Amino acid sequence: MAATRRAPQLTPWVIRLIVINGVVLLLLATVFTAPRFVESLILDPTQFGKRPWAILTAMFVPANLLALAFYSAMLAFFGPTVERRMGSKRFLLYYAYCGIGAALIGLGFGSILNLGAFHGPAGAIYGLGLAYVLTRAPIELHTGAEGGLSARSLFVAFVALDLGLGLWAGEGLVRLVPLGGILSGYLYFRAQSLTTREQPIRPVPPIRRPVVTPMRAQEAALEPKQTVVPHTELPPEATNAEVDRVLDKIAQFGIESLSLHERRVLSEASERKRREQT
């Protein structure tokens with residue numbers, strides 16, 4: 001089976017968790033072989049009041065070498081991506097949270113049913129598998145040219161295989177306890193989505209700007225600054241001379257060159273000539 005992407009490199013806490021599980025199994029098989037050592041680490045609902053720390057230690061006690069190999073493979077596949085997304089500290093807390101969540105659910109069922117003692121990292125690793133599916137776009141592992149297997153389908157296949165092997169081995173209902181890790185992980189991401197829900201974007205009202213009619217720069221530059229000259233009565237001789245000067249200015253520069261005073265002189269001269277003719 002060839003993957004479309006290179007297998008992720010192992011991250012620090014994924015390596016440490018695999019090593020811790022292996023070391024615990026090795027020590028219990030070679031050094032601490034007395035039954036009391038195992039009993040002090042695994043979680044028995046009937047003895048929880050005497051050994052409350054077992055709710056944490058039970059997740060680091062694999063059942064046997066085959067279980068260690070299977071869960072290490074799952075941890076190596078799902079763990080690196082989740083640790084890179086969450087960061088090492090948050091990843092470790094999430095791992096412990098899912099393992100403890102599965103143990104608490106086991107305690108709840110153990111108070112009703114006779115499940116017996118349970119242990120192993122299955123609940124924590126199931127939670128990691130769920131985080132892997134929810135925190136990244138599922139990649140596809142192609143089994144041939146005709147199709148592929150998504151990451152979600154692969155996670156479901158891992159869980160189904162693990163549960164099937166446990167039930168086939170005669171472990172009974174206690175084999176369903178690790179499913180509490182999936183429920184714990186779902187509640188974690190559900191609560192996170194509720195606390196980080198985006199606020200609705202409110203429409204921003206348009207900004208109204210005053211409409212300003214631009215002044216033509218050319219006309220403003222060409223138009224001379226005109227000063228208002230108070231109107232005064234002039235003698236006829238001065239008026240005629242002024243009219244002649246204004247007419248000469250019109251002939252030379254055009255009527256646009258006249259000032260307000262010169263326009264008034266021209267207008268009064270024209271009005272006076274009209275009255276004389278009538």
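The values are calculated or read from the model by the stated rules, or taken from the named source; none is laboratory data. The structure presented is a predicted model; accordingly, all values stated were derived computationally and were not measured. Quick reminder, even Gly has a Cβ in these numbers, built from the backbone with ideal geometry, and neighbours come from all protein chains shown. In case anyone asks, the SASA skips ligands and DNA or RNA and just uses the protein heavy atoms, side chains included. Shrake-Rupley method; radii C 1.70, N 1.55, O 1.52, S 1.80 Å.
Things to note:
- In segment 255-278, the residues that are more than 12 Å from residue 243 (Cβ to Cβ) and in contact with a His (Cβ under 9 Å, 6 or more places away or on another chain): 261
- There is at least one residue in segment 186-199 that is more than 30 Å from residue 123 (Cβ to Cβ), open to solvent by 60 Å² or more (accessible area, probe 1.4 Å) and at pLDDT below 80.
- Complete set of residues in segment 153-178 that are in contact (Cβ under 8 Å) with a residue 40 or more places away in the chain and of a type in the set (Val, Ile, Thr): 174, 177
- Scanning segment 22-45 for residues that are surrounded by 11 or more Cβ atoms within 10 Å (Cβ to Cβ) and of a type in the set (Val, Ile, Thr) yields 23, 24, 38, 42.
- The conditions of being touching a Lys or Arg at 6+ places or on another chain (Cβ under 9 Å) and either open to solvent by 50 Å² or more (accessible area, probe 1.4 Å) or under 22 Å from residue 169 (Cα atoms) (or both) are met by residue 122.
- Test: residue in segment 239-256 that is modelled with pLDDT of 55 or more and within 30 Å of residue 94 (Cβ to Cβ): no
- Highlighted here are the helices (runs of 4 or more DSSP H) found entirely within segment 43-126 that include at least 3 residues which are modelled with pLDDT under 90: 88-110.
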